[in-house]
Structure formats: structure tokens, C-alpha cells
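The values are calculated or read from the model by the stated rules, or taken from the named source; none is laboratory data. Predicted model only: the values in this text are computed from it and were never measured. Cβ atoms come from the backbone with ideal geometry, glycine included; neighbour counts cover every protein chain shown. All accessible areas refer to the heavy atoms of the entire protein, side chains included, with ligands and DNA or RNA removed. Shrake-Rupley method; radii C 1.70, N 1.55, O 1.52, S 1.80 Å.
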Amino acid sequence: MKNLLTLHEAIVIALININKENFSATFDEIADFIEKRGLYTERKGEIDLTKQIMLRSTKSKGNYIYLFEQIDNSSIKLRK
């Protein structure tokens, strides 16, 4: 089944739902949320979803810096 959302869209949905006060979560919490709800099921390669989330939200050549702010090595939050 083709994904209806991109990974960064699924991350945003996870952050909004996991912590409604400051829209933050760990990469593991985000991956668990996405997996349980089937938000991003079709993935390329053998990269673990937690690692993909970390790479998409903190690396990706800065493409998503307008969406995510890294809190520490294992957590991000939505930018305001």
C-alpha cells in the first residue's frame, strides 16, 4: 500500500498528538506512534524508522529546519 503521507507529515501528526503542550517527543516515541497507526508503512531500504525520523527531522540538508527543532540527541519539537 502506498503511503498517504510523507514521513515529515507523519512526524508532524505524531508530535501534535504525543505531547499537546509543547509538541515534542523522542524519536522512539514518534516511531512508535507512526508504526501503531500505519502512517508511513512503505519504506525504502533497511533503515530503522527511528533512524529515518532522526535523519529527516535533523539532517536532510536542512530541508525541514522550518518544521523541527532538535531538543537533544534523542528528541525534537515543532518550531513555532
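Which of the residues belonging to the stretch 39-59 are open to solvent by less than 40 Å² (accessible area, probe 1.4 Å) and either touching a Pro at 6+ places or on another chain (Cβ under 6 Å) or without any contact (Cβ under 8 Å) to a residue 24 or more places away in the chain (or both)?
49, 50, 58
So, in the stretch 16-36, of the ones that are touching a helix residue (DSSP H, G or I) at 6+ places or on another chain (Cβ under 8 Å) and more than 19 Å from residue 73 (Cβ to Cβ), which residue ends up surrounded by the most Cβ atoms within 10 Å (Cβ to Cβ)?
Out of the qualifying residues, it is 34.
Given (1) part of a strand (DSSP E or B); (2) within 16 Å of residue 7 (Cβ to Cβ), where does residue 30 come up short, assuming only one miss?
With (1) part of a strand (DSSP E or B); (2) within 16 Å of residue 7 (Cβ to Cβ) applied to residue 30, the lone miss is (1).
Can you tell me how many residues within the stretch 57-78 are among the charged types (D, E, K, R) and at pLDDT below 95?
Selection size over the stretch 57-78: 2.
Restricting the search to the stretch 33-80, which residues are outside any loop (DSSP other than H, G, I, E, B) and among the aromatic types (Phe, Trp, Tyr)?
33, 68
So, residue 13, is that one on the phi < 0 side of the Ramachandran plot, assigned to a helix (DSSP H, G or I), out of contact with any strand residue (DSSP E or B) (no Cβ under 9 Å at 6 or more places or on another chain) and surrounded by 13 or more Cβ atoms within 10 Å (Cβ to Cβ) or not?
Answer is yes for this residue.
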